[in-house]
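A.B. asks: Pasting a structure below so you can have a look.
The values are calculated or read from the model by the stated rules, or taken from the named source; none is laboratory data. Computed from a predicted structure; not experimentally measured. Cβ atoms come from the backbone with ideal geometry, glycine included; neighbour counts cover every protein chain shown.
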Amino acid sequence: MFAKQYEITLPADYDMGIIRKRVAVGGPLFDAVTGLGLKAFLMRRRGVAGAPVNEYAPFYLWHDAAAMTRFLVGGGGFQNIVRDFGRPPVRQWAVAATFRGPAGAAVPESASRQIVPLAAGGPELSAVVEEEVERTRELSQRDSVHTTALAVDPSRWELVRFVLWQGGVPDGEPATERYEVLHLSAPGLGGLPDGRHW
């Protein structure tokens, strides 16, 4: 399984209503995409929840590498992003764990992303990842959690912890970024493995 995200930073005076309309029209097209676990259509607004910029930043969990590749290069939808905003860098991670939370049947309203550096010369890598998997599992048991994912970026040696929340991201929650969820397409949500992926 793979996680993927691209971040489109927009001007400070950009009308974010344009992004809302874009998602309202295009979001449901992903509700039945084969090979897609979920796509969270995410937005940050400058000055809201600590966001320094306006940003459109969809986050994906893919069951199928072929489906992910088809989306990026085979006319599966990414060409619309390229047409309207240029071709952004796309971050990809190998998913280490996913967990469904008690709010898994609710419509998520917000999301958080936390970046955790994997320092060289510290404890054994597997032990660090196991510890973060356990933290992610514990987090997933909170009442307002919809879904959590923990993934590894071996190009930067970082972990990313992504959480969908039923309401707002709780105060004090460690998060590098906090997002508003405009739409959730989850055609393969029921097929996400619950727990560690290796």
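A.B. asks: Return the total of residues in the range 156-198 being among the polar types (S, T, N, Q) and modelled with pLDDT of 95 or more.
C.D. replies: Keep residues of the range 156-198 that are among the polar types (S, T, N, Q), which gives 166, 176, 185.
If we keep only those that are modelled with pLDDT of 95 or more too, we end up with 166, 185.
Result for the range 156-198: 2.
A.B. asks: Right, something else. Checking Gly27 against (1) closer than 20 Å to Ala106 by Cβ; (2) buried (at least 21 other Cβ atoms within 10 Å of the Cβ): exactly one of these is not met. Which one?
C.D. replies: Failing condition for Gly27: (2).
A.B. asks: Still on this structure, I have one more. When you go through Arg83, Arg142, Arg135 one by one, which is the residue that is in contact with a Gly (Cβ under 7 Å, 6 or more places away or on another chain) and over 23 Å from Gly188 (Cβ atoms)?
C.D. replies: Arg142
A.B. asks: Name the single residue that is farthest from the chain's Cα centre (by Cα) among those in the range 105-146 being in contact (Cβ under 8 Å) with a residue 60 or more places away in the chain and part of a loop (DSSP other than H, G, I, E, B).
C.D. replies: Among those that are in contact (Cβ under 8 Å) with a residue 60 or more places away in the chain and part of a loop (DSSP other than H, G, I, E, B), it is Ala106.
A.B. asks: Next question, about the same structure. Return yes or no: is Glu134 modelled with pLDDT of 95 or more, among the acidic types (Asp, Glu) and surrounded by fewer than 17 Cβ atoms within 10 Å (Cβ to Cβ)?
C.D. replies: Details: modelled with pLDDT of 95 or more: yes; among the acidic types (Asp, Glu): yes; surrounded by fewer than 17 Cβ atoms within 10 Å (Cβ to Cβ): yes.
Taking the combined requirement at face value, the residue satisfies it.
A.B. asks: Take the range 31-54 and flag every residue that is over 16 Å from Gly190 (Cβ atoms) and more than 14 Å from the chain's Cα centre (by Cα).
C.D. replies: Hits for the range 31-54 are Arg45, Arg46, Gly47, Val48, Ala49, Gly50, Ala51, Pro52, Val53, Asn54.
A.B. asks: What residue, among those in the range 1-11 that are outside any strand (DSSP E or B) and surrounded by 12 or more Cβ atoms within 10 Å (Cβ to Cβ), is farthest from the chain's Cα centre (by Cα)?
C.D. replies: Going through the qualifying residues, I end up with Met1.
A.B. asks: Return the residues of the range 31-75 that are of a type outside the set (Val, Ile, Thr), touching a helix residue (DSSP H, G or I) at 6+ places or on another chain (Cβ under 7 Å) and more than 25 Å from Gly167 (Cα to Cα); say none if nothing qualifies.
C.D. replies: Gly35, His63, Phe71, Leu72
A.B. asks: Let me ask something additional. Output the number of residues of the range 12-69 satisfying the condition of being among the charged types (D, E, K, R) and either assigned to a strand (DSSP E or B) or modelled with pLDDT under 95 (or both). Don't jump to the end; show me each part of the working.
C.D. replies: As a first pass, look at the range 12-69 and keep what is among the charged types (D, E, K, R): 13, 15, 20-22, 31, 39, 44-46, 55, 64.
Right, trim to either assigned to a strand (DSSP E or B) or modelled with pLDDT under 95 (or both) and you get 39, 44, 55, 64.
Final tally of qualifying residues: 4.
A.B. asks: Any idea which residue in the range 58-104 is surrounded by the fewest Cβ atoms within 10 Å (Cβ to Cβ), counting only those that are within 16 Å of the chain's Cα centre (by Cα) and polar (S, T, N, Q)?
C.D. replies: The qualifying residue surrounded by the fewest Cβ atoms within 10 Å (Cβ to Cβ) is Gln92.
A.B. asks: Anything in the range 64-88 that is over 20 Å from Arg22 (Cα atoms) and out of contact with any Leu (no Cβ under 7 Å at 6 or more places or on another chain)? List them, or say none.
C.D. replies: So the first thing to find is which residues in the range 64-88 are over 20 Å from Arg22 (Cα atoms), and the list is 64-70, 73-74.
Asp64, Ala65, Ala66, Met68, Thr69, Arg70, Val73, Gly74, listed by residue number.
A.B. asks: Continuing with the same structure: Output the residues belonging to the range 156-171 that are among the aromatic types (Phe, Trp, Tyr) and either out of contact with any Leu (no Cβ under 8 Å at 6 or more places or on another chain) or not in a loop (DSSP other than H, G, I, E, B) (or both).
C.D. replies: Phe162, Trp165
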